[in-house]
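Peer 1: Handing you a structure now.
The values are calculated or read from the model by the stated rules, or taken from the named source; none is laboratory data. As the structure is a computational prediction, the values presented were derived from the model and not from experiment. Neighbour counts are summed over all protein chains in view; Cβ atoms, including those assigned to glycine, are modelled from backbone coordinates with ideal geometry.
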Amino acid sequence: MSMTTIAPEQVNSIIWNQHHDPFEILGCHQVEKEGHKVWVVRAYLPNASAAWVVLPEERNELQMQSVHDPHFFECTIDTEELANYQLKVKEEDQERVFYDAYAFNSPKLTEFDLHLFNEGNHHRIYEKLGAHFTEVKGVKGVYFAVWAPNARNVSLLGDFNSWDGRKHQMRKGSTGVWELFIPELKVGEHYKYEIKNSAGHIYEKSDPYGFAQEVRPKTASIVTDLDSYEWNDSEWMDKRRHADPLSKPVSVYEVHLGSWLHAGTEEPSKLPNGELEPIVQVSELKPGARFLTYRELAAKLIPYVKELGYTHIEILPVAEHPFDGSWGYQVTGYYAPTSRFGSPEDFMYFVDECHKNDIGILVDWVPGHFPKDGHGLAFFDGTHLYEHADPRKGEHKEWGTLVFNYSRHEVRNFLTANALFWFDKYHIDGIRVDAVASMLYLDYCREPGTWVANEYGGRENLEAVEFIRSVNHLIFSYFPGSLSIAEESTSWPMVSWPTYTGGLGFNLKWNMGWMHDMLDYFSMDPWFRQFHQNNLTFSMWYHHSENFMLALSHDEVVHGKSNIIGKMPGDRWQKFANVRCLFAYMFAHPGKKTMFMSMEFGQWSEWNAWADLEWSLMQFEPHQQLKIFFKDLNKLYRNEPALYTQDFEEAGFQWIDCSDNRHSVVSFIRRDRDSDGFVVAVCNFTPQPHSHYRIGVPEPGFYTELFNSDAREYGGSNMGNLGGKWTDSWSMHNQEHSLDLCLPPLGVLVLKLDKDKTAAAMEKE
């Protein structure tokens, strides 16, 4: 037996997993022995009864000796260079040969990477932290890196080491990043981090930067290669880069992928190579039902949305989350598309197909809070790492979630890079940021005395404000033509103004005030609407202060609120007419549009995240007609620049008459920015039709009736103006000319001057 070169306490530090840098002990080291230099190889092999060092180039095996512990092995090799070696171990009655992880002492993270990360400015940190399939010294494997500065020790767990944290202990760098390269691992390996705090308590954590996770309720991360997919959307991406989305039509179909449509478990989905995709059951509440995969959704959802004429699909949070009932808003895997619907590559395919069909893809992004699940970010390294330690700042008790510590550079870097990551790796076209108000205000949903003021004594979360500005600035710097949409429900100023003007930097903000006013108004019996004309008109007092998006979202059709059609008064015919009237007014009103799935065909029941939509209703004519209505409404919207080019400019909107509360009628003009084109909208919000209703118009001629929400094909009474009307030289509403119109019940008319027909008539005169 050779004389050992290592002290017992050093061996014990490895055996008890207490060493912050196992490379100092394990692996190959050059030492001096009897006056000349030799190499010593050390390995801790908990399940091995014998071990050898294999020198492939020399075709030699050297027996290793147990040192201080039956499973700690050492071998001295008298050679000038030890370029490459492997370990051979005997475990019970089996032998195997593998590369020693501690022979690959070459970190992927540079000092510059760490410097940028520590100051919060590493915009592609996801390429360094996490798990990455790579090659070191000619050997392929996976490099792991995780930020856990307060951990005593960090180890890797996985199928590759029988989930034994003793076998792959990681090395801690000076900035709190632990790293290790494990040779011969491949894409698809499942892994977690075993993290010990200073007291020795063990936490098993998923990878914060993991690109994929197991299907719930399992929580392991999965090694994934995000660069293998071949994109086919270069034309779309180039077009987007040079476009201004605010001057384009934006009509968004908001979707919860898990409840749009289900399939049967007896019919598994097939991958392009013929393999069957794993079946993910929807819920125990719906036995026999499975989720559609991303590829199946591409085949079914995209044609459906394209047929209806929407410009974008917005997906409720697609990042990995443990509980279906959170709808994705309690995220644990910020860098992982949920495995409920397939692999990351499958999601890339879905986005690619959207772009092929001229449909943009938006995803909900949740930087405001995260859940307390043990495998997630909460108490990550045994301390309050990602969240505030003070519960007055670090917890949303109403939601049972934790709040990110935006003042910590590394946490801010985690979130900033995450936003950029979805644009970079998945080619998304925009984000909708959830619950912005919860980030902006320190007293959000907190009683007096349960929150901490900022350094100036105010309730504004200054660190969150700075973070939001920084993220938006970077999004538009790296990805011009994208959308960043704020769901912000307060009167915080300049939400959608650029950061260089002092704004938060979003380019769109949900108009929550308009949404509440509309739903309150349309829920009234039409007779009472005459007393609430202000609900219709108030939005125009503030509309041009922000870049607003009009949204009727999932939040308005859950928790006892009824679906849209159920909110409407009257009999069945009036309910459908009210729905058509509401949405026609919405599409004529300035602002981009968002509506939630199921509204387009008039689902009666509330949205249920564990069920799919009531597609059986499509066998009934009223629901078919409502779908046709939305198809034509989107077509009108996309074909008329006056309805979208000046959404946020005062010049794009002009009231004709907003004061006819006695009849509950409003009329207005929408103008195009790039031409002298305009359209006239007239809205009657009661079931009482009006013949000979006169409105003033700016130019004489023939006004074509482009759209009538009361048309027969939509299930209406088919009252209208026989295709259009000529003006009369009768001044009205401060205009020299006017139209004598027939207003249908609960109907919206959109009219446009036919310049060719008008010019031809004038020539005859």
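Peer 1: Any idea which of Met515, Met494, Met524 is assigned to a helix (DSSP H, G or I), at pLDDT 95 or above, touching a helix residue (DSSP H, G or I) at 6+ places or on another chain (Cβ under 9 Å) and not β-branched (Val, Ile, Thr)?
Peer 2: Criteria check complete, one pass: Met515.
Peer 1: Still on this structure, please answer the following. Residue check: is Pro303 closer than 22 Å to Tyr253 by Cβ, in a loop (DSSP other than H, G, I, E, B) and at pLDDT 95 or above?
Peer 2: Considered against the rule, which asks whether it is closer than 22 Å to Tyr253 by Cβ, in a loop (DSSP other than H, G, I, E, B) and at pLDDT 95 or above, Pro303 comes out as no.
Yes/no matrix, rows are residues, columns are (1) surrounded by fewer than 20 Cβ atoms within 10 Å (Cβ to Cβ); (2) among the β-branched types (Val, Ile, Thr); (3) touching a residue at least 24 places away in the same chain (Cβ under 8 Å):
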| position | (1), (2), (3) |
| --- | --- |
| Val154 | no, yes, yes |
| Arg166 | yes, no, yes |
| Met170 | no, no, yes |
| Gly176 | yes, no, yes |
| Glu184 | yes, no, yes |
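Peer 1: Those residues that are more than 26 Å from the chain's Cα centre (by Cα) and β-branched (Val, Ile, Thr), I need them from the stretch 564-610; list them, please.
Peer 2: Those that are more than 26 Å from the chain's Cα centre (by Cα) and β-branched (Val, Ile, Thr): Ile565, Val579.
Peer 1: State yes or no: is Arg694 modelled with pLDDT of 95 or more, in a loop (DSSP other than H, G, I, E, B), of a type in the set (Lys, Arg) and under 30 Å from Gly570 (Cβ atoms)? Give the steps one after another, and end with the answer.
Peer 2: Details: modelled with pLDDT of 95 or more: yes; in a loop (DSSP other than H, G, I, E, B): no; of a type in the set (Lys, Arg): yes; under 30 Å from Gly570 (Cβ atoms): yes.
Taking the combined requirement at face value, the residue does not satisfy it.
Peer 1: Could you tell me whether the stretch 648-656 includes any residue that is part of a helix (DSSP H, G or I) and touching a strand residue (DSSP E or B) at 6+ places or on another chain (Cβ under 9 Å)? Steps first, answer last, please.
Peer 2: Our first condition is that a residue be part of a helix (DSSP H, G or I); within the stretch 648-656, this holds for 650-652.
From the residues that got through so far, the ones that are touching a strand residue (DSSP E or B) at 6+ places or on another chain (Cβ under 9 Å) too are 651-652.
Yes, there is a match, as at least one residue in the stretch 648-656 is part of a helix (DSSP H, G or I) and touching a strand residue (DSSP E or B) at 6+ places or on another chain (Cβ under 9 Å).
Peer 1: Within the stretch 227-236, is there a residue that is surrounded by fewer than 22 Cβ atoms within 10 Å (Cβ to Cβ), closer than 30 Å to Leu633 by Cβ and under 22 Å from the mean Cα position of the chain (by Cα)?
Peer 2: Yes, the stretch 227-236 contains at least one residue that is surrounded by fewer than 22 Cβ atoms within 10 Å (Cβ to Cβ), closer than 30 Å to Leu633 by Cβ and under 22 Å from the mean Cα position of the chain (by Cα).
Peer 1: Hey, among the residues in the stretch 691-725 that are surrounded by 15 or more Cβ atoms within 10 Å (Cβ to Cβ) and hydrophobic (A, V, I, L, M, F, W, C), which one's nearest to Tyr585 (Cα to Cα)?
Peer 2: The residue in question is Phe707.
Peer 1: Can you pull out every residue in the stretch 599-648 that is surrounded by fewer than 17 Cβ atoms within 10 Å (Cβ to Cβ) and aromatic (Phe, Trp, Tyr)?
Peer 2: Hits for the stretch 599-648 are Trp604, Trp610, Trp615, Phe620.
Peer 1: Take the stretch 687-716 and flag every residue that is of a type in the set (Ser, Thr, Tyr) and touching a strand residue (DSSP E or B) at 6+ places or on another chain (Cβ under 8 Å).
Peer 2: Matches in the stretch 687-716: Ser691, Tyr693, Tyr703, Thr704, Ser709.
Peer 1: Hey, among the residues in the stretch 751-761 that are of a type outside the set (D, E, K, R) and in a helix (DSSP H, G or I), which one's surrounded by the most Cβ atoms within 10 Å (Cβ to Cβ)?
Peer 2: Thr758
Peer 1: Filter the stretch 543-584 down to the residues that are assigned to a helix (DSSP H, G or I) and polar (S, T, N, Q) and list them by number.
Peer 2: Ser545, Gln574, Asn578
Peer 1: Counting only residues that are surrounded by fewer than 14 Cβ atoms within 10 Å (Cβ to Cβ) and among the acidic types (Asp, Glu), which one in the stretch 243-292 is nearest to Phe548 (Cα to Cα)?
Peer 2: Only one residue tops the list, namely Asp244.
Peer 1: Give the residues of the stretch 48-74 that are in contact (Cβ under 8 Å) with a residue 40 or more places away in the chain, more than 15 Å from Val97 (Cβ to Cβ) and not β-branched (Val, Ile, Thr), sorted by residue number. Show your work before the answer.
Peer 2: Filtering the stretch 48-74 down to residues in contact (Cβ under 8 Å) with a residue 40 or more places away in the chain leaves 48-50, 54, 65, 67-69, 71-72, 74.
Right, trim to more than 15 Å from Val97 (Cβ to Cβ) and you get 49, 65, 67-69, 71-72, 74.
Residues satisfying the conditions are Ser49, Gln65, His68, Asp69, His71, Phe72, Glu74.
Peer 1: If you don't mind, another one. Need the failing condition index for Met348 against (1) over 23 Å from Tyr444 (Cβ atoms); (2) outside any helix (DSSP H, G or I), just the number.
Peer 2: For Met348, the exception is condition (2).
Peer 1: What number of residues within the stretch 728-750 are in contact with a strand residue (DSSP E or B) (Cβ under 6 Å, 6 or more places away or on another chain), part of a loop (DSSP other than H, G, I, E, B) and crowded, with 20+ Cβ neighbours inside 10 Å?
Peer 2: Step one: of the stretch 728-750, the residues in contact with a strand residue (DSSP E or B) (Cβ under 6 Å, 6 or more places away or on another chain) are 728, 730, 732-733, 735, 737-743, 747-750.
Still in the list and also part of a loop (DSSP other than H, G, I, E, B): 730, 733.
Going one step further and asking which of them are crowded, with 20+ Cβ neighbours inside 10 Å, we end up with none.
The total comes to 0.
Peer 1: Can you tell me how many residues in the stretch 331-345 are part of a loop (DSSP other than H, G, I, E, B) and either more than 18 Å from Ala419 (Cβ to Cβ) or touching a helix residue (DSSP H, G or I) at 6+ places or on another chain (Cβ under 8 Å) (or both)? If you could, list the steps in order and put the result at the bottom.
Peer 2: Applying the first criterion (part of a loop (DSSP other than H, G, I, E, B)) to the stretch 331-345 yields 331-332, 338, 342-343.
Next cut, either more than 18 Å from Ala419 (Cβ to Cβ) or touching a helix residue (DSSP H, G or I) at 6+ places or on another chain (Cβ under 8 Å) (or both) only: 342-343.
Residues meeting the conditions: 2.
Peer 1: Could you name every one of the strands (runs of 3 or more DSSP E) located completely within the stretch 175-273 that has at least 1 residues being closer than 30 Å to Pro303 by Cβ and polar (S, T, N, Q)? Give the derivation first.
Peer 2: Details: elements: 177-183, 190-196, 202-205, 251-255, 262-264.
Because the criterion is at least 1 residues that are closer than 30 Å to Pro303 by Cβ and polar (S, T, N, Q), the strands (runs of 3 or more DSSP E) in the stretch 175-273 that meet it are 251-255.
Peer 1: Mind checking whether some residue in the stretch 91-107 is over 49 Å from the mean Cα position of the chain (by Cα) and modelled with pLDDT under 90?
Peer 2: Within the stretch 91-107 (the criterion being over 49 Å from the mean Cα position of the chain (by Cα) and modelled with pLDDT under 90), the answer is yes, since at least one residue qualifies.
Peer 1: Can you pull out the residues in the stretch 22-59 that are surrounded by fewer than 14 Cβ atoms within 10 Å (Cβ to Cβ) and either among the acidic types (Asp, Glu) or closer than 28 Å to Lys196 by Cβ (or both)?
Peer 2: Correct list: Glu32, Glu34, Ser49, Glu57, Glu58.
Peer 1: Pull out all pairs, ordered by first then second residue, where Cβ-Cβ is under 9 Å, the residues are six or more apart or on different chains, the first lies in the stretch 26-39 and is in contact (Cβ under 8 Å) with a residue 60 or more places away in the chain, and the second is aromatic (Phe, Trp, Tyr).
Peer 2: Cβ pairs passing all conditions: Leu26/Tyr44; Leu26/Tyr102; Gly27/Tyr102; Gly27/Phe104; Cys28/Trp39; Cys28/Tyr85; Cys28/Tyr102.
Peer 1: Condition check: surrounded by fewer than 18 Cβ atoms within 10 Å (Cβ to Cβ) and within 25 Å of the chain's Cα centre (by Cα). Does His532 satisfy that?
Peer 2: Spelling it out, it is not the case that His532 is surrounded by fewer than 18 Cβ atoms within 10 Å (Cβ to Cβ) and within 25 Å of the chain's Cα centre (by Cα).
Peer 1: Across the stretch 469-493, what is the number of residues that are closer than 21 Å to Val366 by Cα and in contact (Cβ under 8 Å) with a residue 40 or more places away in the chain?
Peer 2: Number satisfying all stated conditions: 16.
Peer 1: In addition: Test Met540 against the stated conditions and say whether it is outside any helix (DSSP H, G or I), over 26 Å from Leu613 (Cα atoms) and touching a residue at least 24 places away in the same chain (Cβ under 8 Å). Full working, then the answer.
Peer 2: On the way: outside any helix (DSSP H, G or I): no; over 26 Å from Leu613 (Cα atoms): yes; touching a residue at least 24 places away in the same chain (Cβ under 8 Å): yes.
No.
Peer 1: How many residues does the stretch 697-727 contain that are in contact (Cβ under 8 Å) with a residue 60 or more places away in the chain, acidic (Asp, Glu) and either part of a strand (DSSP E or B) or touching an Asp or Glu at 6+ places or on another chain (Cβ under 7 Å) (or both)?
Peer 2: 0
Peer 1: Which condition number does Arg670 fail, the rest of (1) surrounded by fewer than 23 Cβ atoms within 10 Å (Cβ to Cβ); (2) among the basic types (Lys, Arg); (3) under 25 Å from Val250 (Cβ atoms) being met?
Peer 2: (1)
Peer 1: Follow-up. So in the stretch 40-51, with the set limited to residues that are of a type in the set (A, V, I, L, M, F, W, C), under 50 Å from the mean Cα position of the chain (by Cα) and in a strand (DSSP E or B), which one is nearest to Asn84 (Cα to Cα)?
Peer 2: Of everything passing the filter in the stretch 40-51, Val41 is nearest to Asn84 (Cα to Cα).
Peer 1: For Ser667, are the conditions met, namely being of a type in the set (Ser, Thr, Tyr) and closer than 30 Å to His312 by Cα?
Peer 2: So Ser667 fits the description; yes.
Peer 1: Please list, ordered by first then second residue, the pairs with beta carbon atoms under 7 Å, 6 or more apart or interchain, first in the stretch 635-664 and farther than 17 Å from Leu749 by Cα and modelled with pLDDT of 95 or more, second aliphatic (A, V, I, L, M) and assigned to a loop (DSSP other than H, G, I, E, B).
Peer 2: Correct list of pairs: empty, since none qualify.
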